[in-house]
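Since the structure comes first, as structure tokens, the remarks are kept for the end.
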Amino acid sequence: RQFDLVVRGGTLATAAEVFEADIGVRDGRIAAIGLDLPAGTEEVSAKGMIVTPGGLDPHCHIEELSADGGVHEESFASGSAAALAGGTTAFICFLPQWKGHSLAASAPGYERRALQSRADYSFHQIITDPTPEVLEREVPALAARGVQSLKVFLTYDPLRLTDAEFLRVLATAKRLGLMVTVHCENFDAIGWRIEALLAAGQTDPIAHAWARPPVVEREATYRAIALAELVEQPIQVFHVSCEAAAAEIARAQARGVKVWGETCPQYLTLSHADLLKPDFEGAKFVCSPALREAGENERVWKRIQDGTLGVVSSDHCGFSFATAKRAPGAGGYGQGGATARADGTPAFNAIPNGVPGIETRLPVLFSEGVSKGRIDLPTFVRLSSANAASLFGLGGRKGTLAPGADADLVLWDPDAERTIHNGALHHAIDYTPWEGFAVKGWPSITIRRGEVAVRDGEVLAAPGSGRFLARG
Ligand code: URP
Ligand code: ZN
Ligand code: ZN
Ligand code: ZN
């Protein structure tokens, strides 16, 4: 039978190699890869383009509901449109748990909202309250439904686990064969710093970074690894922001511990200078771990180049600037009370943590990485999809160009020069931290399971056309 679609004449990039070939698609999957494939019902020319697997963003917060009523304003329909427009065909977001609640009673209706996604999606289950009921009954039931990874926080008032609780989660994951992802910062150290800074009258956004310097991330990274080592449970350290934390991961990897590291575009391109922007604009750059001194970006790149950090996620957060400005209240992602300043804007510790970036993740990584010569194309593919696919049980299906895999393809115009402006992005957030950022290389066509989902910035995939990915 004829191909439904042939993507013709592109330069293909996989996690391992770069070569010229056509891709034949049938029933949403790659059916053949080769030169001069016969005509398809639909033809897409990839002349002059680089064809990569669709991006897999394994860490993003979409429409998440926190126990205090805070909402990540991004909806599944808008967030997934943004994902696709930025070359990401699948993402993993989070099922919340509210402390004092079972998993079932937390964020009711959340999975129903996810049905509006245009991109394929899966979940990590957040554990904030690891009761026997949760660990012995609810987590196994979720795992059986294909939710095969857990997320824990070592900081944030409403989310963090004690070491004793973290150990119980690790042991459960080990028993069920799940992956555990960890937010590594020292809760008490940050609380102590916040108190001192507020007492000294420091309330500006930059004080967010002073409250959580690299050492609080390094300590918690080391501790998370040590506890995982004790239990013999693999972990993925989320959003590594600095060399000090990356070095702990590298040391553990060298002694054979199963620990992996992720970073995000914000830690590769942004710094204290952004937090220091006047008129409360610094609030747009409040994320945790915090942005570092300018020189740190290049050290994180080095840890990508030496293989310590194998995944670049967005950690997309849907907090609008206008909302953050009015707060105070950190939508669940804050610490140390909700302090308002004289003009009504929140003190640094009451600004919601996190930046939007699901659409800009891959263009920024392609431009700063591939176009600037810091990484080659196979490394780009590993960072943007392939490594996350193997870590999270989607290997062979996502993150690869091979017969049998889902036909998720991105056609990159490597010469396109663009300047990022929020007005042209598809998310529902009123700013991007990369406003005015120049990039070279742009995803001009995104194909999701054999359908053209985005062409030249126009999103064609309808809400609800994404599928839940049960993972094995
Ligand atoms: O600042 C961040 N990263 N907010 C989102 C929640 C998290 O810590 O991943
Ligand atoms: Zn986190
Ligand atoms: Zn996050
Ligand atoms: Zn602009």
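Read-outs throughout are calculated quantities, based only on the coordinates presented, and are distinct from any laboratory measurement. Because the structure is predicted, anything quoted here is derived from the model rather than measured. All Cβ positions, even for glycine, are placed from backbone atoms using ideal geometry, and neighbour counts span all protein chains on display.
For Gln97, which sequence-distant residues (separation of 5 or more, or a different chain) have an amide H within less than 5 Å of its own amide H, given hydrogens modelled in the peptide plane?
Here the answer is Ile126, Thr128, since their amide H atoms fall under 5 Å of that of Gln97.
Relative to the Cα centre, what is the charge dipole magnitude of the range 170-231, using +1 at the beta carbon of each Lys and Arg, -1 at the beta carbon of each Asp and Glu, and rounding to the nearest 20 debye?
The calculation lands at about 280 debye.
State the answer as a single residue: which of Ala428, Tyr267, Gly472 lies farthest towards the positive end of the charge dipole of the chain, with beta carbon charges of +1 for Lys and Arg and -1 for Asp and Glu, about the Cα centre.
Highest projection toward the positive end goes to Gly472.
When DSSP assigns beta bridges and you keep just the ones with both residues in the chain, what percent turn out antiparallel, to the nearest 5?
Bridges in the chain are about 50 percent antiparallel.
Find the Cα radius of gyration of the chain, compare it with 2.2 N^0.38 Å by division, and give the number to two decimals.
So the Cα radius of gyration is 0.93 times the expected 2.2 N^0.38 Å.
How far apart, in nanometres, would the label points at Arg341 and Arg175 be if each is projected 7 angstrom from Cα along the Cα-to-Cβ direction?
The two pseudo-label positions are separated by 4.9 nm.
Quick check: pseudo-label points 7 Å beyond the Cα along Cα→Cβ at Lys47 and Asp68, how many nm apart are they?
5.7 nm
If I take the Cα coordinates of the range 68-193 and project them onto the principal axes, what are the three extents in Å, biggest first?
Ordered largest first, the range 68-193 gives principal extents of 41, 39, 26 Å.
Can you tell me the orientation of helix 214-231 relative to the chain, as the angle in degrees between its alpha-carbon axis and the longest Cα principal axis, to the nearest 10?
The two axes meet at around 70 degrees.
From the phi of every residue in the range 419-430, what ³J(HN,Hα) in whole Hz does the Karplus formula 6.51 cos²θ - 1.76 cosθ + 1.60 yield, where θ is phi - 60° and glycine or proline is x?
Here the 3J(HN,Hα) series is 10, 6, 10, 4, x, 8, 8, 9, 6, 9, 9, 8 Hz.
Please state, as a whole number in µm²/s, the translational diffusion coefficient that the Stokes-Einstein equation yields for the range 375-472 at 10 °C and 1.306 mPa s, with Rh defined as the Kirkwood radius across alpha carbon pairs.
Estimated diffusion coefficient is 104 µm²/s.
Compare the Cα positions of Gly336, Gly54, Gly399 along the charge dipole of the chain (+1 at Cβ of Lys, Arg; -1 at Cβ of Asp, Glu; about the Cα centre) and return the one farthest towards the positive end.
It is Gly399.
Could you tell me which of the pairs Lys47/Lys302; Lys47/Lys440; Lys99/Lys174; Lys284/Lys440 are separated by over 27 angstrom between their Cα atoms in the structure shown?
Pairs exceeding 27 Å: Lys47/Lys302.
Gln236's amide H: which non-local residues (gap 5+, or another chain) put their own amide H closer than 5 Å, with H modeled 1.01 Å from N in plane and none for Pro or chain starts?
Amide H to amide H, under 5 Å and 5 or more residues apart or across chains, Gln236 pairs with Val180, Thr181, Val182, Trp260.
For the range 345-351, take each phi angle, set θ = phi - 60°, evaluate the Karplus expression 6.51 cos²θ - 1.76 cosθ + 1.60, and give the result in whole Hz per residue in order, putting x for glycine and proline.
In residue order, the calculated couplings are 6, x, 5, 3, 7, 10, 8 Hz.
In whole Hz, what ³J(HN,Hα) sequence does the range 172-182 give by Karplus (6.51, -1.76, 1.60; θ = phi - 60°), x for Gly and Pro?
Result, ordered by residue: 5, 4, 4, 4, 9, x, 9, 8, 10, 9, 9 Hz.
For the chain, what is the calculated [θ] at 222 nm in deg cm²/dmol (nearest 500), taking -39500 (n - 2.57) for each run of four or more DSSP H residues and dividing by its residue count?
Helix-only estimate at 222 nm: -7000 deg cm²/dmol.
At most 11 other Cβ atoms within 10 Å and a DSSP loop assignment: could you name the GluC sites (Glu not before Pro) in the range 193-294 that fit?
Passing sites in the range 193-294 are Glu232.
Using Cα-only point scatterers and the Debye equation, what is log10 of I(q)/I(0) for the range 178-284 at each q in 0.15, 0.19, 0.22 Å⁻¹, rounded to two decimals?
-0.69, -0.96, -1.14
What's the angle, to the nearest 10 degrees (0 to 90), between helix 76-85's Cα axis and the longest principal axis of the chain?
50 degrees
Between Rg and the Kirkwood Rh of the range 270-375, both from Cα atoms, what is the Rg to Rh ratio?
Reported Rg/Rh (Cα atoms, Kirkwood Rh): 1.03.
Please name which of Ala350, Gly69, Phe91 has its Cα lying farthest along the dipole of the chain towards the positive end, using unit charges on Cβ (Lys, Arg +1; Asp, Glu -1) and the Cα centre as origin.
Phe91
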